[in-house]
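Have a look at the structure below before the remarks.
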Amino acid sequence: MIDAADIRIGNYVWYYDYNMLEQAFQVEGIYNGYIYNSGLPQSKITLEKANPCLLDAYMLRRFSFIAGDPDYKEDPDMFSLKYNRLNSLHIKVTGDVFQPYTDSPVGLIPYGLPIVHVHQLQNWYHALTRDELEIMY
C-alpha cells in the first residue's frame, strides 16, 4: 500500500490484476482515495491496492542515469543524470541502497536518506529540477 501524500501525478506504481500479475502503471490522477489511469479496469483502483515499485539499477538506467566509467577513473557504482548543461544528479548504488550524492569542493558527498522506491526517485528529481523524470523506452 502507498500513502496518498507520497505520490503525485506521473509517479509509477503497481497493482495485482485479476490474474494476480503485477501491473505497473503511471498515475494520471489521485482523488478521494482512488488512483486513476486510463489503462486500469474501470480507470481507477483504490489506494490500498496500489504498491510502490522498488528501485533497482535497471530502473535507474531506464530513467537515463549513466554508470561511472572506470576508464575515466569514475566509480561504476555511481549513477549520474545530467539535467542541464552544468548540473547532474548522482546516486550511488551499494547493494540495495540508493544513496543520493551532491557536488562539493571535496568531491561528491552523500546527503539525505537512501531512495527505496521509484516514486521517491521521481519526487526527488522533481523537487530538485521541477521537471518530470520519465522512463526512456
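The values are calculated or read from the model by the stated rules, or taken from the named source; none is laboratory data. What you see is a predicted model; the values in this text were computed from it and never measured. Every residue, glycine among them, receives a Cβ derived from its backbone with ideal geometry; neighbour counts consider all protein chains shown.
General remarks:
- Residue satisfying all of: in region 1-26; part of a loop (DSSP other than H, G, I, E, B) and over 19 Å from residue 124 (Cβ atoms); modelled with the lowest pLDDT among these: 1
- Qualifying residue in region 28-36 (condition: farther than 22 Å from residue 130 by Cα, assigned to a loop (DSSP other than H, G, I, E, B) and at pLDDT 90 or above): yes
- Considering only residues in region 46-75 that are among the aliphatic types (A, V, I, L, M) and in contact (Cβ under 8 Å) with a residue 24 or more places away in the chain, the one that is surrounded by the most Cβ atoms within 10 Å (Cβ to Cβ) turns out to be 50.
- Note on region 88-124: among residues that are aromatic (Phe, Trp, Tyr) and crowded, with 19+ Cβ neighbours inside 10 Å, the one that is farthest from residue 52 (Cα to Cα) is 101.
- All positions within region 72-106 that are out of contact with any strand residue (DSSP E or B) (no Cβ under 7 Å at 6 or more places or on another chain) and β-branched (Val, Ile, Thr): 94, 97, 106
- Residue tally, condition farther than 18 Å from residue 8 by Cβ and either in contact (Cβ under 8 Å) with a residue 60 or more places away in the chain or of a type in the set (Lys, Arg) (or both), over region 76-129: 3
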